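The values are calculated or read from the model by the stated rules, or taken from the named source; none is laboratory data. Given the structure is predicted, the values throughout are model-derived calculations rather than measurements. Please note: Cβ atoms are built from the backbone with ideal geometry, for glycine as well, and neighbour counts cover all protein chains shown. What goes into the accessible areas is simple: the full protein's heavy atoms, side chains included, and nothing from ligands, DNA or RNA. Shrake-Rupley method; radii C 1.70, N 1.55, O 1.52, S 1.80 Å.
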Amino acid sequence: MIDLQLADKTHDEGRQGEALVTDAPLKRNGRKLYIESYGCQMNFADSEIVASILFDQGFETTGDYKEADVVFINTCSIRENAEQRVRNRLSQFGAEKRRNPKLIVGVLGCMAERLKSKFLDEEKLVDVVVGPDAYRELPQLLAEVESGHKAINVLLSREETYADISPVRLNGNGITAFISIMRGCDNMCSFCVVPFTRGRERSRDPHSILAEAQGLFDMGYKEVTLLGQNVDSYKWKGADLVTEQTAAVALTEDKREIEVNFAQLLEKVALISPDLRIRFSTSHPKDITDEVLYTIAKYDNICNYIHLPVQSGSSRILDLMNRTYTREWYMNRIDAIRRIIPGCAISSDIIAGFCSETEEEHQETLSMMDYVGYDFAFTFSYSERPGTLAARKLPDDIPEEVKKRRLAEILVKQQNSSLYRLQQFVGKTMRILVEGTSKKSDLDYCGRNDQNAMVVFPATAGIAPGQYVNVYIDRCTSATLLGVVAVEEPANV
Ligand code: 5AD
Ligand code: SF4
């Protein structure tokens with residue numbers, strides 16, 4: 001699967017575009033697809049759906065756009081700089097297209113949805129524009145382009161979940177994979193473009209989620225991350241699940257109508273095997289229930305790590321952001337996590353300089369960070385997005401240099417907090433899922449602990465990627481734990 005170092009949130013445009021390839025064999029038609037993804041994990045997961053659809057058309061993937069027949073760029077709109085990155089990349093594809101006029105260039109994902117046909121006017125080299133709910137139409141759209149027309153489909157759907165499409169795992173390590181459990185978002189946070197680019201929230205049929213997770217486990221995968229913009233509002237109504245997990249892939253016997261919520265889904269996936277680790281992202285403070293927390297606590301293989309974006313520590317700003325919770329509510333949820341899952345890692349998304357934010361309100365964000373002691377945080381300076389509630393109603397009135405300074409203060413606090421949290425693991429032994437060799441040295445392995453901290457340790461004979469191993473942590477940097485393989489059982493950290 002995708003090699004994601006920060007594998008724990010659904011949208012992070014900090015990730016650079018990545019060419020995605022598979023080596024899956026099958027009868028091919030000689031046509032080559034190059035697909036590059038930007039932004040959130042959901043986009044990377046979608047690229048695997050796109051690859052699957054084109055794979056059925058006989059395409060193979062390539063990691064070199066210069067030898068491709070079709071180049072797709074799966075785009076992110078979350079902040080302005082994410083869009084700028086995509087435009088820069090498109091101008092490089094444009095140069096290639098001038099050299100090879102037969103090359104088809106397609107824009108997929110959130111920017112396609114946001115800009116629609118404007119894209120075809122603004123970027124002359126683009127042949128096809130496809131929104132996140134229209135990937136099934138790709139074969140027809142490509143045929144239209146081949147007959148000499150530009151093609152576009154940006155219709156959003158209330159039902160599409162691609163439940164029946166088996167993603168082609170791209171850039172896989174064969175150990176960790178993402179499973180998309182829902183699409184869209186109904187929250188309408190005032191700063192956020194996602195509800196406009198990804199449409200209404202809908203949950204995927206749990207039978208297909210379980211079948212996908214079971215299939216991955218049978219292929220040797222050891223970790224799945226359940227993905228959604230707001231996983232806590234997962235809700236599905238339909239024919240009963242067979243509770244016997246061994247029968248999870250043959251879910252046809254009992255057709256009673258039931259409802260499945262996120263806690264129940266988590267449990268079903270966890271029961272596939274104690275050797276399959278479960279992660280999930282993103283949780284929403286207004287929706288995360290004690291039932292979810294107790295489910296995490298109940299199963300050892302559901303990782304003790306929650307990405308719970310706070311966005312701001314000020315109740316007035318949270319209200320303007322339309323987050324529908326207060327500072328006190330958020331603190332209460334943190335208290336519940338600490339009570340029910342002691343030692344659980346918590347990360348956040350934080351926005352600096354939202355409309356009308358005062359210095360005191362910024363201080364409230366800093367004091368919230370002190371209260372929680374985040375293990376990790378993704379921090380952003382507010383970027384006004386066209387069409388959002390904030391863009392329509394609230395002036396973007398915090399000067400750039402103030403936003404920058406506030407962001408820097410948030411960052412420094414987070415660096416100290418991350419280091420402090422990592423230091424708490426030093427001197428302990430913990431279970432690590434070996435993901436592969438470390439980026440810096442082939443002599444070292446890397447993998448994550450339950451709380452999602454990256455651990456690097458010398459590769460030891462008899463240990464291979466995909467195995468769980470106990471590692472004694474003897475020191476840390478500000479981002480990584482360092483240790484050695486241990487024989488003793490892990491302590492409960
Ligand atoms: N400006 C800055 N940050 C944003 N995010 C979403 N929209 C914006 C925006 N307009 C951040 C939020 C969200 C994360 C994925 O991106 O923190 O949780
Ligand atoms: Fe955007 Fe809020 Fe939905 Fe997250 S929950 S995708 S921030 S609207």
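Tabulated data for the structure shown
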read-out: Distant alpha-carbon pairs in region 353-420 (separation over 18 angstrom), percent; value: 42
read-out: Average accessible area per residue (Å²) across region 303-373 - probe 1.4 Å, nucleic acids and ligands excluded; value: 32
read-out: Accessible carbon and sulfur surface of region 71-163 relative to its total accessible area, %, 1.4 Å; value: 50
read-out: Protection proxy ranking, peptides 65-77, 406-418, average beta carbon neighbours within 10 Å, highest first; value: 65-77, 406-418
read-out: Highest to lowest packing among 47-55, 320-328, scored as the average C-beta count within 10 Å; value: 47-55, 320-328
read-out: Of G172, Y299, N88, farthest towards positive along the dipole that unit charges on Lys, Arg, Asp, Glu beta carbons give the chain; value: N88
read-out: Rh by Kirkwood over Cα pairs, then Stokes-Einstein D for region 429-485 at 0.692 mPa s and 37 °C, µm²/s; value: 304
read-out: Cross-link reach list, aspartates and glutamates versus K428, counting only Cα pairs under 15 Å and skipping chain neighbours closer than eight places; value: D450, D474, E488, E489
read-out: Over 21 Å between alpha carbons, listed pairs K404/K439; K97/K150; K222/K298; K32/K222; value: K404/K439; K32/K222
read-out: Under Karplus coefficients 6.51, -1.76 and 1.60, residue-wise ³J(HN,Hα) of region 461-473 in Hz, glycine/proline x; value: 4, x, 10, 9, x, x, 9, 8, 9, 8, 10, 8, 8
read-out: 27 Å Cα-Cα reach of K403 towards lysines, excluding residues that sit fewer than 8 places from it in its own chain; value: K9, K286, K393, K413
read-out: Ratio of the Cα radius of gyration of region 128-233 to 2.2 N^0.38 Å, where N counts its residues; value: 1.23
read-out: Mean ellipticity per residue at 222 nm, deg cm²/dmol - from DSSP H runs of n ≥ 4 across the chain, formula -39500 (n - 2.57); value: -9500 deg cm²/dmol
read-out: Accessible area in square angstrom per residue, region 125-173, 1.4 angstrom probe; value: 44
read-out: Alpha-carbon Debye profile of region 8-153, log10 I(q)/I(0) at 0.09, 0.12, 0.16 Å⁻¹; value: -0.23, -0.42, -0.79
read-out: Magnitude of the charge dipole, the chain, Cβ model with Lys/Arg +1 and Asp/Glu -1, debye to 20; value: 800
read-out: Rg and Dmax of the chain, Cα atoms only, in Å; value: 22.5, 66
read-out: Solvent-accessible area per residue, Å², over region 388-493 with all protein chains present [probe radius 1.4 Å]; value: 53
